[in-house]
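Notes to accompany the following structure.
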Amino acid sequence: MTGTSPTWCSNCLAMSTRPRISFDERGWCNACRWTETKKILDWASREQELLKLLDKHRGQGDFDCLVPVSGGKDGSYVAYNLKHKYGMNPLCVTITPALPTALGEKNLRNFVESGYNHITVNPSHVALHRLNKTGFVEMGLPYYGWLVSIMSAVIRVAVQFNVGLIFYGEDGEVEYGGTTETHCDPIFDVPYQKRVYLEGGYNKVLEASGLSKEDLYFFQFPNDEQLAKSNIALTHWSYFENWDPYRNYLVAKEHCGLQEAEDANSGTFTNFAQNDQSLYALHTYLMYLKFGFGRANQDASIEVRRGAMDRQQAVNLVRLYDGQYPEELIPLYLDYYKMTKDEFDAVLDRYANNDLFVKEDGIWTPTYEIV
């Protein structure tokens, strides 16, 4: 933002401040245009692409494919379909987050006990803490180290087990409004992960951490030679099937033991997603300060696109919930980052968008009203 007023998608509530978003002549964002496209897309043809990909890797090792999971709805849904619909033998992998929740740990255990081969990776906690804090301070991304590891450590596990196919859940860029590079290509690579998902800060954060090669093992991608030799295909399940987060939740609840939170999550009106770690609330609050939209806006926009609510209902929910300061979690964050409240607030202030917010009585208040 450079002084211009934000605008919103005329169909959902995606903001013009979202990185890599675009709008058509109707004012529809690229996520809503993708929703239109999905209604006429030849999904049968894409399933044939999926079957060819699965057959290429089926029986090539002890495991046919690898699925990163947290015990939440999306990874559970992908693993369930691979195992029970397509007869694959997936290896499921969890990278333990810094501040796991009790509900997240219970859901992960329920998922494993529903019948999956599973590995939990615990990268060096010292390294994870330092990378998370560096990412928080230097990029405004409070779990940057963990974000790196769910890509780099997962690939390392795939290399160790000679697994040539990794399935992530949805392609967030395509589904929620971002680059269209992967609209028509199911396979992406490590440079794409570094540039888009890690926001170009991978080398900066790892170098700034001052950590040893040994400590960084699970945070470093295999080198180019190792990647070329392993020839691992990275893909998103959402390329092959019409992605529906609520359907995923229902399937995971019925077949994988998923439980939702008793109350709505911080900053939103939903209770069935992103329940695995406490740092997610800080992540979405910083997203709100940077771009003007938070967790409720994201959730409401998804619900509009899937036809579960109209735009005015979404506006009302966003006005009620978006940008909620995660006050009840602040003591936990201060203890984790080993920061004073003043130091913590200074980081938040550093990333607050002055084109969108003004600080009043110590609280960042929006200067705009969502319409």
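Overview of results
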item	result
Residues of region 246-263 that turn out to be hydrophobic (A, V, I, L, M, F, W, C) and under 20 Å from ARG306 (Cα atoms), as a count	3
Qualifying residue in region 359-371 (condition: more than 25 Å from GLU173 (Cβ to Cβ), among the aliphatic types (A, V, I, L, M), part of a loop (DSSP other than H, G, I, E, B) and in contact (Cβ under 8 Å) with a residue 12 or more places away in the chain)	yes
Only one of ARG305, ARG311 that is among the basic types (Lys, Arg), within 21 Å of the chain's Cα centre (by Cα) and more than 21 Å from SER70 (Cβ to Cβ)	ARG305
Some residue of region 219-234 being in the same structural domain as ASP74 (by TED's automatic domain parsing) and under 15 Å from the mean Cα position of the chain (by Cα)	no
Qualifying position, being among the β-branched types (Val, Ile, Thr), surrounded by 14 or more Cβ atoms within 10 Å (Cβ to Cβ) and in contact with a Phe, Trp or Tyr (Cβ under 8 Å, 6 or more places away or on another chain), among VAL371, VAL347, VAL315, VAL304	VAL347
Cross-chain or 6+ apart pairs with Cβ under 8 Å, region 52-74 first and under 14 Å from LEU91 (Cβ atoms) and touching a residue at least 12 places away in the same chain (Cβ under 8 Å), then of a type in the set (Ser, Thr, Tyr) and assigned to a helix (DSSP H, G or I)	VAL69/SER76
Hits in region 42-101 - residues which are modelled with pLDDT of 95 or more, under 18 Å from TYR249 (Cβ atoms) and touching a Leu at 6+ places or on another chain (Cβ under 7 Å)	VAL67, SER76
Sole residue being under 26 Å from the mean Cα position of the chain (by Cα), outside any helix (DSSP H, G or I), crowded, with 16+ Cβ neighbours inside 10 Å and aliphatic (A, V, I, L, M), chosen from LEU82, LEU66	LEU66
Of all residues making up region 9-33, the number that are outside any loop (DSSP other than H, G, I, E, B) and of a type in the set (D, E, K, R)	1
Residue ranges of helices (runs of 4 or more DSSP H) in region 137-212 with at least 2 members in the same structural domain as LYS52 (by TED's automatic domain parsing), at pLDDT 90 or above and among the small types (Gly, Ala, Ser)	144-160
Region 202-224 residues that are β-branched (Val, Ile, Thr), paired with ones that are surrounded by 17 or more Cβ atoms within 10 Å (Cβ to Cβ) (beta carbon under 7 Å, 6 or more apart)	VAL205/LEU131; VAL205/THR134; VAL205/GLY135; VAL205/MET139; VAL205/TYR144
Members of region 85-101 found to be assigned to a loop (DSSP other than H, G, I, E, B) and at negative phi, listed by number	TYR86, MET88, ASN89, THR96, PRO97, ALA98, LEU99, THR101
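Listed here are the residues, each with its yes/no results for (1) free of Cβ contacts under 8 Å to residues at least 60 places away in the same chain; (2) of a type in the set (Val, Ile, Thr).
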position	(1), (2)
ASN242	no, no
VAL251	no, yes
CYS256	no, no
ALA264	yes, no
PHE269	yes, no
GLN277	no, no
LEU334	yes, no
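The values are calculated or read from the model by the stated rules, or taken from the named source; none is laboratory data. None of these values were measured; they are calculated from a predicted model. Cβ atoms come from the backbone with ideal geometry, glycine included; neighbour counts cover every protein chain shown.
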